[in-house]
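The values are calculated or read from the model by the stated rules, or taken from the named source; none is laboratory data. Only a predicted model underlies this, so the values are computations on that prediction, with no experimental measurement involved. FYI the Cβ positions are ideal-geometry reconstructions off the backbone, even for glycines, and counts take in every protein chain you see.
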Amino acid sequence: MKILLVGSGGREHALGVGLQADPACTELHVAPGNPGIAQFAQCHPLLITDNAAIVELAKKLQVDLVVVGPEVPLVNGVADELRAANIAVFGPSKAAAQLEGSKHFAKEVMRDAGVPTAHSFTCTSKEEIEIALDAFDAPYVVKDDGLAAGKGVVVTSNRQEALDHALACKRVVIEEFLDGPEVSLFGISDGTTIIPMQPAQDFKRALDGDAGPNTGGMGAYSPLPWAPSDIIEDTHTRVLAPMIAEMAARGTPFVGLLYAGLALTDHGTRVIEFNARFGDPETQVLIPRLKTPLATLLYNAATGNLSGTTLEWSDESAVTVVLAAQGYPAAPQSGGVISGFSSINNVSIFHAGTSHKDEALVSSGGRVLTVTGVGEDLTEARNLAYRAISQISLAGSFYRTDIALNASVAEKGN
Ligand code: AMP
Ligand code: GLY
């Protein structure tokens, strides 16, 4: 099977490794890819916002499957254009990707599907915003309705700040604050059947102790030894399956990866948000643990053949730590030379924001690398990831030192 993977981040590097490891994948192409991916797949430069270029490349290469990594091309409808050209694609249609593209739409579908989530108001005027803020009280949760590259959500106890953010959005969802640990749980869907993956936890804040600004994610780990033992089954029954059934009933089946961001509150699981693609950096801990051949799995999803599938997982733990560029997330600096890669058993270094300049590897994004360690427990996985990342040098770069720390301590205590 020839596969074209679209994207260029750490998530795509990890997916590429997984696809390549499946013997069914005979040729792997990535567009645009990055220097890490180029070590094992053929990369093709293009703009991921250019649907026509993606379709043209898929046709030229005569691929059997396209896997779309990031949300932007999905929300732009690239999957519809590929399907119209008779190419199998793992990724939702434009209509189904609205689960990520519009917070208001996701709330409507959750309501119709009976999926538990925060109470919310969708507002388009100052009057509506004021009423909603008063209805919930602090801390306020204010979400831009549309895609905002990770900058759309403000959680604050400062009413003025909440109001200012709400007024800056065209349409805004204001919702109840959900208290409790956050979990990312993904399902792979063929439009009617959805297979849950294992849970992971992401660290969204830039600095240790969950301080600093929100980011795309500074690290992740899986499994979650502290999570309820029925979390996968419960999320499948109460969240993933009803969403897939509701999307199918609306005539817009969801084919691809449905990402449920959950809060485990005292009143039970609540959905914080959906995404329409694999999470980054959660993918960098899930793929190294997944034993089921990935290319076959995603092809079966793309072609409506998931029924009866179960996933096989390694018992090992994985921890990934993001190396971020100086100034991330507000104003990341690019162009610094990266060095200090060493080869350590059970460590994978996934490229996220890197490029070649002359002979050197340089940074070209906010999240530069994701370093994953795999070990028999979280402590061993953490030690490996931190040993590897501490040897890498990039002027001004930083990383969190507490990824999976509490969970590894609690695991040892059990
Ligand atoms: P998002 O950009 O949608 O991933 O949201 C960013 C972060 O905002 C989430 O990971 C949560 O930590 C936080 N958040 C979003 N919605 C809520 C909520 N209703 N209650 C508490 N925190 C929230
Ligand atoms: N890890 C958060 C995201 O992928 O949106």
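Out of the range 353-371, which residues are closer than 12 Å to L323 by Cβ and either in contact with a Pro (Cβ under 9 Å, 6 or more places away or on another chain) or of a type in the set (S, T, Y) (or both)?
Answer for the range 353-371, where residues must be closer than 12 Å to L323 by Cβ and either in contact with a Pro (Cβ under 9 Å, 6 or more places away or on another chain) or of a type in the set (S, T, Y) (or both): G353, T354, S363, G365, G366, R367, V368, T370.
Which of the following residues is over 25 Å from R171 (Cβ atoms) and within 21 Å of the chain's Cα centre (by Cα): V72, V68, V78?
V68
Looking only at the range 117-129, count how many residues are over 21 Å from F274 (Cβ atoms) and either surrounded by 15 or more Cβ atoms within 10 Å (Cβ to Cβ) or not charged (D, E, K, R) (or both).
Going through the range 117-129 one residue at a time, the tally reaches 4.
Taking the stated definitions as given, is T310 crowded, with 16+ Cβ neighbours inside 10 Å, more than 16 Å from ligand 1 (Cβ to nearest atom) and either of a type in the set (D, E, K, R) or within 30 Å of E233 (Cβ to Cβ) (or both)? Give the steps one after another, and end with the answer.
Numbers: crowded, with 16+ Cβ neighbours inside 10 Å: no; more than 16 Å from ligand 1 (Cβ to nearest atom): yes; either of a type in the set (D, E, K, R) or within 30 Å of E233 (Cβ to Cβ) (or both): yes.
Criteria not met by T310.
So if I check each of G304, G327, G340, which one is at pLDDT below 95 and more than 20 Å from I232 (Cβ to Cβ)? Spell out the reasoning first.
Values: G304 fails: at pLDDT below 95; G327 fails: at pLDDT below 95.
Being at pLDDT below 95 and more than 20 Å from I232 (Cβ to Cβ) holds for just one of G304, G327, G340, which is G340.
Name the residue that is nearest to L224 (Cα to Cα), counting only residues in the range 392-407 that are surrounded by 14 or more Cβ atoms within 10 Å (Cβ to Cβ) and out of contact with any strand residue (DSSP E or B) (no Cβ under 8 Å at 6 or more places or on another chain).
My answer is L405.
Looking only at the range 252-259, decide whether some residue is aliphatic (A, V, I, L, M) and over 22 Å from P73 (Cβ atoms).
Looking through the range 252-259, none of the residues is aliphatic (A, V, I, L, M) and over 22 Å from P73 (Cβ atoms).
Would you confirm whether or not the range 144-153 contains a residue that is of a type in the set (D, E), touching a helix residue (DSSP H, G or I) at 6+ places or on another chain (Cβ under 7 Å) and modelled with pLDDT of 95 or more?
Taking the range 144-153 as the starting set, the residues that turn out to be of a type in the set (D, E) are 144-145.
With touching a helix residue (DSSP H, G or I) at 6+ places or on another chain (Cβ under 7 Å) added as a condition, the list becomes 145.
Those still in the list that are modelled with pLDDT of 95 or more too: none.
No, that holds for no residue.
Wholly within the range 276-364, which strands (runs of 3 or more DSSP E) include no fewer than the required count, namely at least 1 residues that are closer than 29 Å to G77 by Cα?
On the way: elements: 317-324, 347-351, 354-357, 360-363.
In the range 276-364, the matching strands (runs of 3 or more DSSP E) lie at 347-351, 354-357.
Residue by residue through the range 62-96, note down the ones that are surrounded by fewer than 24 Cβ atoms within 10 Å (Cβ to Cβ) and without any contact (Cβ under 8 Å) to a residue 60 or more places away in the chain.
N76, G77, D80, E81, R83, A84, A85, N86, I87, K94
Being under 22 Å from the mean Cα position of the chain (by Cα), under 24 Å from S314 (Cβ atoms) and either away from ligand 1 (no atom under 16 Å from the Cβ) or of a type in the set (S, T, Y) (or both): is that true of T215 here?
Taking the combined requirement at face value, the residue does not satisfy it.
Looking at S222, S189, can you tell me which residue is under 27 Å from G375 (Cβ atoms), in contact with a Leu (Cβ under 7 Å, 6 or more places away or on another chain), away from ligand 1 (no atom under 16 Å from the Cβ) and not β-branched (V, I, T)?
Being under 27 Å from G375 (Cβ atoms), in contact with a Leu (Cβ under 7 Å, 6 or more places away or on another chain), away from ligand 1 (no atom under 16 Å from the Cβ) and not β-branched (V, I, T) holds for just one of S222, S189, which is S222.
Take the residues of the range 104-134 that are under 17 Å from I244 (Cβ atoms) and without any contact (Cβ under 8 Å) to a residue 12 or more places away in the chain: which is nearest to the chain's Cα centre (by Cα)?
The selected residue is F105.
Residue by residue, here is whether (1) surrounded by 24 or more Cβ atoms within 10 Å (Cβ to Cβ); (2) more than 27 Å from G216 (Cβ to Cβ); (3) under 16 Å from the mean Cα position of the chain (by Cα) holds:
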residue	(1), (2), (3)
H267	no, yes, no
V271	no, no, yes
A276	yes, no, yes
L286	yes, no, yes
G304	no, yes, no
S317	yes, no, no
V322	yes, no, yes
Q326	no, no, no
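What number of residues within the range 273-298 satisfy the criterion of being within 16 Å of ligand 1 (Cβ to nearest atom) and under 22 Å from N346 (Cα atoms)? Explain how you work it out, then say what you get.
We begin by selecting, within the range 273-298, every residue within 16 Å of ligand 1 (Cβ to nearest atom); these are 273-283.
Restricting the remaining residues to those that are under 22 Å from N346 (Cα atoms) gives 279-283.
Number satisfying all stated conditions: 5.
Is it true that A263 is of a type in the set (A, V, I, L, M) and more than 16 Å from ligand 1 (Cβ to nearest atom)?
No; evaluated as a whole, the condition is false for this residue.
Given the criterion free of Cβ contacts under 8 Å to residues at least 40 places away in the same chain, more than 16 Å from ligand 2 (Cβ to nearest atom) and farther than 12 Å from S189 by Cα, identify the matching residue among T237, T252, T265, T269.
Exactly one of T237, T252, T265, T269 is free of Cβ contacts under 8 Å to residues at least 40 places away in the same chain, more than 16 Å from ligand 2 (Cβ to nearest atom) and farther than 12 Å from S189 by Cα, namely T237.
Do you know which of the residues in the range 132-159 that are surrounded by 14 or more Cβ atoms within 10 Å (Cβ to Cβ) and more than 22 Å from K204 (Cα to Cα) is farthest from ligand 2 (Cβ to nearest atom)?
For the range 132-159, the residue satisfying everything is R159.
If you go through the range 23-50, how many residues are buried (at least 19 other Cβ atoms within 10 Å of the Cβ) and assigned to a loop (DSSP other than H, G, I, E, B)?
6
Condition first: within 30 Å of A331 (Cβ to Cβ) and away from ligand 1 (no atom under 14 Å from the Cβ). Now tell me which residues in the range 124-160 satisfy that.
If the condition is that a residue be within 30 Å of A331 (Cβ to Cβ) and away from ligand 1 (no atom under 14 Å from the Cβ), then I129, N158, R159, Q160 are the ones that fit.
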